[in-house]
1. Remind me, relative contact order of region 17-83 in percent, using alpha carbon pairs under 8 angstrom and six or more residues apart?
2. Considering only DSSP states other than H, G, I, E and B, which trypsin sites (Lys or Arg not before Pro) in region 160-194 qualify as loop sites with at most 10 other Cβ atoms within 10 Å?
3. In the calculated pair distance distribution of region 117-172, what percentage of Cα-Cα distances lie above 14 Å?
4. Given the pairs Lys163/Lys212; Lys125/Lys169; Lys92/Lys212, which span a C-alpha to C-alpha distance of over 24 angstrom in this model?
5. For Phe267, Phe37, give the ranking by accessible area with the largest first, probe 1.4 Å.
Amino acid sequence: MNSGLESDSINECVNNSILYSPGGSSKLWKPSVTKEFMPDDDVTFESLTHAINMYRKYAKHAGFDVRLNTTTRFQHDKSIKIKYVVCNRDGKIPDRSLDTMDTNNSGRKHRNSNFIVTDSKALIKFERVSIGTNEFQIREFQELHNHPLYTTEERRHSKKARKLNYADKEFIIRAATTNVGATKAHKLRHALKGGYECVGPEESDYKNFRKKLGNIIGNKDAQLVVNKMNERKTDFPDYSFEYKCVESVLNAMFWADETDKVFYKEFGDVISFETAFRTNK
């Protein structure tokens, strides 16, 4: 995978080194990651979720973000056979040519976007060890990128790092109920966690969420629960979530992760929650 490449020590960065493709026609970036977080072909993962989480940790230390990609399934039971996870800059580079003589850019056919694809070939391929087992192994690993990787400082300001998680949203909501504004809530958050570098979202992210809070959930937090479950459904391929609304009111929810499904297959147990038990008591 690295044959024909020579390292350029002058351009080495904190978390990557710059290499040249055969012939020196283009630059490639190779992440510098400790062995602890490097993908290992000899490791067998107990589930696809564990395998993907490993690659996410590697990507975090390497300085790039990932995206779930192609899935191949077995014919007889439709279970996942092969799963690709790619660099989030994978994809064909769009044609953004503009008429430079048109000062109004009236011929623009593509909207401005902060998301840049570079046709990056960095990826990992996981394959199920055999039918009837949940274990996966690495079958392919491409580590070279055709774009610069995040430095430690840059990663703090990336779109993924600034994403509000459930704990952040809950903290903003609790602060709002005690008349603490978004700016003060952000200062409290970083003070509690040990510094700004320990808090991904920035002050503007807190303000934007607080501004939309009333429109999103009104007097209820049902929408936050649905959003959280949908995020898990996106992040974990074997996570299932469904919900039902009656006259714009959340009426029922169902969720199950990979472990729940295995237990149900073996034992057939079902857990039911009575949401009104405190009221009835």
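The values are calculated or read from the model by the stated rules, or taken from the named source; none is laboratory data. Computed from a prediction, not measured in an experiment: that's the story for all the values here. Neighbour counts are summed over all protein chains in view; Cβ atoms, including those assigned to glycine, are modelled from backbone coordinates with ideal geometry. For accessibility, only protein heavy atoms count, side chains too; no ligands or nucleic acids. Shrake-Rupley method; radii C 1.70, N 1.55, O 1.52, S 1.80 Å.
1. The value is 20 percent.
2. none
3. 73
4. Checking Cα-Cα distances, Lys125/Lys169; Lys92/Lys212 exceed 24 Å.
5. Descending accessible area places them as Phe267, Phe37.
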